[in-house]
Structure formats: C-alpha cells, structure tokens
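The structure appears below as structure tokens.
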Ligand code: FES
Ligand code: FES
C-alpha cells in the first residue's frame, strides 16, 4: 500500500492504495466519481475514459500510481459553474443515449476530438470515435451531436 495523491476535476485527494490498482477503481470506489464506467475492463471499449493532458485515457487499465499528481478530468469535470460543456448539451439536444452505459466514453472522446479538430468532417468523426464502442448503435446520433457541438465550439 502507498499514499498516492490525485488531482481529479481540480480537487486534490490522497488515497492509501495498492499502486497497481486501476485508476477506474479508485475513482468509483474511493472517490465516488461515477462518470467513468466499467465496461470491458480490458482497455477495449472506452466506457472508463477520462482525460489527462488533453488525451483520452482508459482508466480501467491505468495503474493509479502512473497518474499521481496528474490533472485528471472526468465527465463530472466538464461542466463549468453548473453550465454543461457544449458536447454535453449537444448530447441532450440530440437525445444520443439509449441504455447510456457507453456514453461517458463517447462524450469524453468527442470532447478531445473537438479540442484537437474543432470542425471535423464525418469521416474524421468516424475515425476519431471508432474505438469507443456502443452496443446500442447510437453512432448516428453521436455523429449528429458532435457536429452540433462543433458549431458552438469551433
Ligand atoms: S472499461 Fe475500460 S476500455 Fe472498457
Ligand atoms: S447507449 Fe447503450 S451501449 Fe451505448
């Protein structure tokens, strides 16, 4: 066990944990941050995605010790003073989710995609979102929501 300090959504937490514990477990079980979901647990679906240094990170396969001191943003950290991020608002406006289980990963991945490419083409959206899986096949609504958000953020 070791004391590890994490910065999650602008707040600092110190947890006493086994250093190899996946970040996802610490977020959900120790810090009550439930935006990231446990899907495959193998780094393959994207449900557990968080953002670190402007990149998507699959927290189910990320040892907590590897992100000590890093600024970690989860779905809960996207809004500002109660105002939803444009991607979140677009998700509501387009009524994207079906069961909702994958949608943390979809929104976080879309946010990073638009940060890097504010006005993506359909092909660029498909490519950027390709590894974030949705069993409910909400892909067309995801694409529509990203294009809607791009009009606000571009
Ligand atoms: S739960 Fe992490 S990638 Fe599937
Ligand atoms: S909305 Fe059900 S898995 Fe994506």
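No lab work stands behind these numbers, since they all come straight from the coordinates. Predicted, not measured: the structure shown is a model, and the values here were computed from it. All Cβ positions, even for glycine, are placed from backbone atoms using ideal geometry, and neighbour counts span all protein chains on display.
Here are the numbers for this structure:
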{"item": "In region 85-94, residue farthest from ligand 2 (Cβ to nearest atom) [restricted to those that are within 21 Å of residue 50 (Cβ to Cβ) and touching a residue at least 40 places away in the same chain (Cβ under 8 Å)]", "result": "86"}
{"item": "All positions within region 1-42 that are closer than 21 Å to residue 81 by Cα and within 16 Å of ligand 2 (Cβ to nearest atom)", "result": "35, 36"}
{"item": "Qualifying positions in region 43-70 - away from ligand 2 (no atom under 16 Å from the Cβ), assigned to a loop (DSSP other than H, G, I, E, B) and without any contact (Cβ under 8 Å) to a residue 60 or more places away in the chain", "result": "43, 53, 62"}
{"item": "Residue count, region 77-125 (criterion: touching a helix residue (DSSP H, G or I) at 6+ places or on another chain (Cβ under 7 Å), assigned to a helix (DSSP H, G or I), over 12 Å from residue 145 (Cβ atoms) and more than 16 Å from ligand 1 (Cβ to nearest atom))", "result": "1"}
{"item": "Scope region 27-48; condition over 14 Å from residue 102 (Cα atoms), surrounded by fewer than 21 Cβ atoms within 10 Å (Cβ to Cβ) and in contact with a strand residue (DSSP E or B) (Cβ under 8 Å, 6 or more places away or on another chain); matching residues", "result": "30, 31"}
{"item": "Region 22-40, residues that are touching a helix residue (DSSP H, G or I) at 6+ places or on another chain (Cβ under 7 Å) and not in a loop (DSSP other than H, G, I, E, B)", "result": "22, 23, 24, 26, 27"}
{"item": "Contacts under 7 angstrom Cβ, first residue in region 95-124 being without any contact (Cβ under 8 Å) to a residue 60 or more places away in the chain, partner part of a loop (DSSP other than H, G, I, E, B) and crowded, with 18+ Cβ neighbours inside 10 Å, 6 or more apart", "result": "96/138; 97/138; 98/138; 103/96; 103/97; 113/120"}
{"item": "All positions within region 129-154 that are free of Cβ contacts under 8 Å to residues at least 24 places away in the same chain, in contact with a helix residue (DSSP H, G or I) (Cβ under 8 Å, 6 or more places away or on another chain) and either within 16 Å of ligand 1 (Cβ to nearest atom) or part of a loop (DSSP other than H, G, I, E, B) (or both)", "result": "129"}
